[in-house]
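Structure record follows, encoded as structure tokens.
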Amino acid sequence: MDWKIELIFVPVTDVDRAKDFYVKIGFTADHDQTPVEGLRFVQMTPPGSACSIAFGTGLGIALEPGEQNTIQVVVPDADEALAHLRGVGVEASGVDDLDWGRFVTFDDPDGNTWTLQELPDYSG
């Protein structure tokens, strides 16, 4: 049986600002729906990912904006990811080289922190 993470909720204060930010860094806007008054659901997917993020209004997310700091994404090249983020105007930390990977971190406009990891080459 396969278990695959489908969706992670990210708390935001301004849905349109968050959507614009994630589109700017390359996410695909999959859905932006208001099925009933007071409920807006936005789903965004990072390039190449099977897992998406969601945010909106009326979703009942218990986290406050800026508290989501546990999302980690694997990227093929940390230097390229850093250059991409900085190229679109996102402040991101320089590459942190550790034995278990190379890491770049950045925050969205609400202070939710993302970690990008280039995995080590274990084929050696």
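Spread over its residues, the convex hull of the C-alpha atoms of the range 7-124 is 104 Å³ per residue. Full extension of the chain segment joining Asp20 with Thr115 gains 32.2 nm, where the gain is 0.36 nm per residue of separation less the Cα-Cα distance.
Over every Cα atom in the range 74-124, the radius of gyration and the widest Cα-Cα span, Dmax, amount to 11.4, 40 Å. When +1 charges are put on Lys and Arg Cβ atoms and -1 charges on Asp and Glu Cβ atoms, the dipole computed for the chain relative to its Cα centre reaches about 300 debye.
Each residue of the range 53-62 is assigned a 3J(HN,Hα), and the resulting list reads 10, 9, 7, x, 10, x, 8, x, 6, 6 Hz, derived from the Karplus form 6.51 cos²θ - 1.76 cosθ + 1.60 (θ = phi - 60°), x at Gly and Pro. Take the chain with all the other protein chains still there, run a 1.4 Å probe, and you get 61 Å² of accessible area per residue. Adding -39500 (n - 2.57) for every DSSP H run of four residues or longer, then dividing by how many residues the chain holds, sets the calculated 222 nm ellipticity at -4500 deg cm²/dmol.
Sorted largest first by accessible area at a 1.4 angstrom probe radius, with every protein chain in place, the residues Glu91, Glu64 fall in the order Glu91, Glu64. A simple spin-label model places the labels of Ala62 and Leu98 2.6 nm from each other, with each point 7 Å out along Cα-to-Cβ.
Taking the DSSP bridge list for the range 55-123 and keeping only pairs wholly inside it, about 70 percent are antiparallel.
Taking all C-alpha pairs of the range 61-102, those more than 15 Å from each other amount to 56 percent. What residues of the range 49-68 lie in the reach of a label at Ile5, counting those whose backbone N is under 19 Å from a point 7 Å from the Cα along Cα→Cβ? Counting only backbone N, you get 49-56, 61-68. Only beta bridges with both residues in the chain are counted; by DSSP, about 75 percent of them are antiparallel. Only the Cβ atoms of Lys and Arg (+1) and of Asp and Glu (-1) were treated as charged; on that basis the dipole of the range 1-47 about its Cα centre amounts to roughly 140 debye. Taking the 1.4 Å solvent-accessible surface of the chain as the whole, the part contributed by carbon and sulfur is 51%.
For the chain, the residue among Val23, Gly124, Thr113 whose Cα projects farthest onto the positive side of the dipole built from Cβ charges is Val23. Rg ratio for the range 4-63: its Cα radius of gyration over 2.2 N^0.38 Å, N being its residue count, equals 1.06.
The values are calculated or read from the model by the stated rules, or taken from the named source; none is laboratory data. These numbers come from a predicted model, not from an experiment. Quick reminder, even Gly has a Cβ in these numbers, built from the backbone with ideal geometry, and neighbours come from all protein chains shown. Each accessible area value is taken on the protein alone, full model and side chains, heavy atoms only, with ligands, DNA and RNA left out. Shrake-Rupley method; radii C 1.70, N 1.55, O 1.52, S 1.80 Å.
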